[in-house]
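Encoded as structure tokens, the structure appears first; notes follow it.
Values quoted throughout were computed directly from the atomic coordinates according to the rules given, and no laboratory measurement underlies them. All of these numbers come straight from a predicted model, not from anything done at the bench. Please note: Cβ atoms are built from the backbone with ideal geometry, for glycine as well, and neighbour counts cover all protein chains shown.
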Amino acid sequence: MPGPSENSIHRIATNRKATRDYFVETRIEAGIALQGTEVKAIRAGHISLVGAFARMDNGEAFVQNLTIQPYEFGNRFNHEPIRPRRLLLHRKELDRLTAATTQKGLTLVPLAVYFKRGKVKIELGVCRGKRQHDKRETLRRKTSERETQRAIRSATR
């Protein structure tokens, strides 16, 4: 039986509220420095991106409030569910993110967590917050697109 392809991506968790609350300007893939039981818990799907954000600290990137529930078969060496986790990025990417986050209104938001070639990766977005009227406009646009698609489908039948 053939194994997964080299570039297969197995998505574990997504931050669905991120696209509702933010305009995503750029997306960046980063690795995460994890402990052993954290990887097993992520494989089991015990991860939550609700309320998570990334922060630059002394030239390094950390993701905060990323919840990885303890591995249920772990022993006394199990990990803490909420702790700052270091992001693994190249120096140029770190410099680019530092420059982006120093601009007013831009923040780093985790968008998704997935496995790529057996490694846990996180997709970060450099985001700008949406105002209430922006959210309403996005909702109106989505509903109008949905209605036009329904009309097209019903007309072709």
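Brief remarks on what is shown
- Cα long-axis angle, helix 91-102 against the chain (0 to 90 degrees, to the nearest 10): 60 degrees
- The count of lysine pairs in the chain that are at least 8 places apart or cross chains, and whose C-alpha atoms lie under 21 Å apart, stands at 12.
- Given charges at Cβ of Lys, Arg, Asp, Glu: segment 1-136 dipole, positive-most of L88, A99, F73: A99
- Cα→Cβ-extended label distance, 7 Å offset, between N65 and D21, nm: 0.6 nm
- Answer label for Kirkwood radius over Cα pairs in Å (calculated), chosen among (i) 17.6; (ii) 15.9; (iii) 16.7: (i)
- Segments 126-139, 81-94 sorted - mean Cβ within 10 Å per residue, highest first: 81-94, 126-139
- Protection proxy ranking, peptides 142-155, 16-29, 55-68, average beta carbon neighbours within 10 Å, highest first: 55-68, 16-29, 142-155
- Label-to-label distance, nm, for residues given as T14 and T107 (7 Å Cα→Cβ offset): 2.1 nm
- Residues with amide H under 5 Å from that of I9, placed H, sequence gap 5 or more: none
- Charge dipole magnitude, Cβ of K and R +1, D and E -1 - segment 10-129, Cα centre, debye nearest 20: 260 debye
- Here the simple spin-label model places points 7 Å from the Cα toward Cβ, and for R76 and E147 these points are separated by 6.4 nm.
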